[in-house]
1. Pick from B:Leu100, B:Leu226, B:Leu80: which is most flexible by mean-square fluctuation in a GNM of chain B where alpha carbon atoms under 10 Å apart are linked?
2. Based on the alpha-carbon gyration tensor of chain A and its eigenvalue square roots a ≥ b ≥ c, which shape applies: rounded if a/c is under 1.5, prolate if not and a/b is larger than b/c, or oblate?
3. Taking amide hydrogens as modeled 1.01 Å from N in the peptide plane, which residues meet the under 5 Å criterion relative to B:Ser159, leaving out close sequence neighbours?
4. Of B:Val39, B:Val52, B:Val97, which is the most mobile in a GNM of chain B whose springs link Cα atoms less than 10 angstrom apart?
5. Can you return the aspartates and glutamates within cross-link range of A:Lys59? Criterion is Cα-Cα under 17 Å, with same-chain partners fewer than 8 residues away left out.
6. Order by neighbour count: A:Met660, A:Met778, A:Met143, fewest other Cβ atoms within 10 Å first, most last.
7. Largest first and in whole Å, give the semi-axes of the range A:687-834's equivalent ellipsoid, each being the square root of 5 times a Cα gyration tensor eigenvalue.
8. Over the whole of A:301-310, what's the average partner chain Cβ count within 10 Å per residue? Rounded to a whole number, please.
Amino acid sequence: MSNQQLHHRMAKVWDNLPGWGNLAAVNHTSISKRFMLTGIAFFFVGITLAMLIRTQLAKPGQSLLDADVYAQVFTMHGTIMMFLFAIPVLEGAAMYLVPKMIGTRDLVFPRLSAFGYYCYLFGGLIVLSSLVLGIAPSSGWFMYTPLSGAEYSPGPGSDFWLLGITFVEISAVSAGIELTVSILRTRAPGMSLAKMPIFCWYILAMALMIVFGFPPLILASILLELERAAQMPFFDPAAGGDPLLWQHLFWLFGHPEVYIIFLPAAGIVSTILPVFAGRPLAGYRWLVLSVITTGFISFGLWVHHMFTVGIPQLAQAFFSVASMLVAVPTAIQVFVWMATLWTGRVRFELPMLWICGFLFIFVCGGLTGVMLALVPFDWQVHDTHFVIAHFHYVLIGGMLFPLIGALYYWLPLLSGRKPSMQLGKWAFALVFIGFNGTFLLMHLTGLLGMPRRVFTYQSEQGWDWLNLSSSVGGFVLATGLVMVALDVILHFKFGPKAKPNPWRADTLEWAAGMPPLSYNFASIPTIKTRHPLWDSPGLIQSIPAGAHGLARIEHGRRELYGTEAISGKLKTVFHIPTHSWWPLICAAVLAGLCISLLTRQYLLAVGVTATAAALLFRWSWENGTHKTMAPLTDNESDSDEPPLHSRTADGPGLWGIMVMLMADGALYLSLVFGWLYLWTVSPNGELPDTSSVSRPLMLTSGIFLTLGTLLYRNIEQKLRGGGDSGFSKKLYTVCALTVCHLGLLIWAMVASDLKLTSRAADAVMLVMFAFLIFHSGMSVVASLLQTWRIKQGHISQTLFYEVSVLYPLWLYTLGIFWVSVCSFVLLPAWWEAA
Amino acid sequence: MNRLTECGVLSSALLLVSPGYGAPLSILDPAGPAAKDIVAVWWAMFWGGTLVLLVVTGLWLYAIFRRQRDYDEQGTKRVLRTMVYTGGIGLPTVSIVLLLVFGIPSGHSMLPWPGDDTLRINVHARQWAWEVHYPDEDLHFTDEIHLPAGTPVDIYVTSEDVIHGFWVPRLGGKIDAIPGKTNVIRLQADKPGEYGGQCAEYCGQSHAFMHFKVVAHSETGFKSWLTTQREGQHHE
Amino acid sequence: MKPVNYSAWHLVTGLIVWAVWFIVVYAGAALGCQWAPPSPAAGALNWINLTLLGVSAVTAGYLGYCAWLSWQMKRSATGHGRFTLSLAAGGYLAASVATVAIALPLLGIPPCM
């Protein structure tokens, strides 16, 4: 087969459908570009809101915006920038680059990418629509209760935030899961962890942080929405709740979030800087160590947002020290970069300009961050403009500057042209000067006592000239950003044509074609070093020539190499789905759910939920040997490639479900935390009275579940061990046992006398019940579907991969059941007896 | 690229000559021991931070623009180790130790230690006013706190509705007013005078106007003020 | 049995131990104050601080030992082993140092005020 034919056939398998069919695209390059473009559109909305804020504050006593509109504007500015710009754009960048850098053709769950994108798009539009309608959320982007609660925010604004943002978060969590599994399992053969591009370490850390960091916020949003809609008093001190529980859950997400944004940006710096220094990173292992350490420590800082809420000084001191400690891995990164520049020969091109801007601004923001970690100083400047200045230094310096640098650096991949300094340097100058003009003196504004979120001020406060200069700076900054956009757009027309690998980079994405092919690489090379394109520049020709592995396409499947997580040894071939309408359909139905909840049409919501569930299960049906995926063929064993993953006991689905269960576990632990917190730490908490929950019912229910899970385990192990002819019947028994468990569990819930609207603990108890019922129900339905798949021939004694995939879910369901029984039912009784 | 450094120098200079430190809510114009401690820590951090910023940026630019030469593997390792050990680990460690050595005791001294002889005032925040109550005298005021200068006063802060932030910048740090919870903050004004207070936590529509004032009297002045008020409020 | 081997899990084990320690200390101080709060006037030497200091010393010691062990093993390792063990050593050391640093306030601050 000629090379041209090979590419032709590859394109036929991998290209999106034409025209409207593009909406069914699942390819990572297409989806990630949509993420980034949508994010940039939201970014400009966020900038517009910022300009409204700066205009209002330019002079004392202005009346451009009234207090209410101003509140909507600052709330939406923060919300858009965080949830609809920063995170999705970085995810988009990661989704675009990671598969190309690790030498594979797509992410492992392409339909999930598309689903995530549509959830983001629809959720974002729903949130944005509230602003257009003039009913946007108005309690600040961190939505502190009771202000955001039903009594003080009676309109639908808070609901838009809680429901819309939770909807958007589906995309973050799904990107987190999929990036984790992709990085761990689909690196080109030979690319061990030690040879992985440094960017992927950063993204792996970010992805895992999303997996653990977002669930607390999702739980908090669910609780607050339940409080608003169903009067369940989780945060109401009069009923034993506590508004501080919201703050804990929010910042448990909110602080890691800062590093979720910073790490990919630092990863960009670590990727670009060595290229322009013309040498490998001087301290690859130092950086990896810093990234891992940052990932962990950043989960131990959240209380530093809460130093003024009256937490005991000892606890504040723990968090204060931890907040300062996190400066060490960050400083290590800065000095590794510096050592790289020091020992290299630096070419100073446009992306480097942005990296230098990043360094100055980020170091400045880092320093004020260390200052803020000092408790007494924080008591003074907390909630003032000093803090606003600080976090804009960290976020704009630490995220936007590297991101723009990255945009220029990877632009040739999109346009085939090289960016130039001509307009670019002036745009940089405007942004840099505008930024510092806005925010440098804003530190002083804060020190002179200007609090956050005031819509106006009086002249005698002495803040006039500072605000005016910040406003002028703000407009310079915005002009600069528009100029960057203009430069990029003009570049597509006038930029000089780029040679292959225009910056002389070391990473594989430059071998994917300019613009990259829909399948990235016609053949997958074996990787021997950390710098493939420096050490074997011939790859740029040999990869598209089909000289390496996985170059066959006659089967018509989209295939990736599946390699071992640590060593990168070649193990299997992952077959992944082709374009599909299910992501769009399911996301649209979920958007319908979101809207029906917003408009409080609860009956409708129940119907939509059922539809969504049915559709999601229908989507899951197209897996394994289904005709749209990888139907069985006669000559499978003839192939010289490793076996297809669905014919083995290990594949992306198994890893995906495990990472998903980590996120689920984080949500569950947040719930247990809430339960224990309300009971022990909260000032109005008391020992929960759980005597009305029938223990015999719960225990019997648990025994049924345990038996069911043990039987499932037995099935799975026998299948792995070589086959079990009666496993289909056993699977029915598993389902029957679990249905009994479910029945008893629901009975126990209904029979217990929970005072849902007057006791916070009881309300938490109900959420726990619902959580258990959801998981047990999920396990049963999924296993019932498996019995059906057995009949269809998708599962058999030799095709038992799907049985293995579900096994972790069963174990998890069993685990949370017994942990719940212990912590929710037995522990209070035991405590009382003691 | 010297623009970066220039910008840093220029702004520090601006901060120094800035005339506005005397604003009514200025942290930089402290009038009590807690606020004074904090502002001392701030200036130390400011100069330290500026120094670090300039040195790091300077080194960075030097690394880029100096005359470059080739390094072998050993040489690279030496540069890397020096930089990581001094800049990456040493610099933040020393800064953190210094900060904590000065910072923790200063925070310690601001706490409302039990057993000290202090005046108690209750502040009950609501949308959008501060209800002030003197429990010993059973006196009530709105948006106005009177206290004797030179003595520590413990203010018990809670809220009726949403979360507010109680803050008198010239006297000391802030504390949140949270429904269902009472927080205590110790403040002291060194001299008689009037000090501005402001809600710091966003609390709805009129947050921007949720001011109050603290009036510090001399010791005798405070006693006579108390007497007058007692007569006024209890005989109405 | 040696607590350290060539497995890549050791890249994160140290910091996972640190995270668990952090939860124990933070929750322990909160629960201790709920259960039997010592008077702030009695200073930092009370049952809560002393218990938590004990836990911290053991944790930090264990993590330090693991760091040392990883480093020793790294010297004789080759290939992947060198990479993971040197990172494991760094992770354990970072976790140990973080434990010591964050535990220091226990020496001087009473827990319940």
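1. B:Leu80
2. It comes out oblate by the Cα gyration axes.
3. B:Ala125, B:Ile178, B:Gly180, B:Lys181
4. With Cα springs under 10 Å in chain B, the top fluctuation among B:Val39, B:Val52, B:Val97 is at B:Val97.
5. A:Glu460, A:Asp464
6. A:Met778, A:Met660, A:Met143
7. Output for the range A:687-834: semi-axes of 35, 14, 11 Å.
8. 4
Just so you know, all these numbers are worked out from the coordinates, no wet-lab data involved. Here the structure is a predicted model, which is why all the values come from computation and not from measurement. Neighbour counts run over all protein chains shown; Cβ positions are idealised from the backbone, glycine included.
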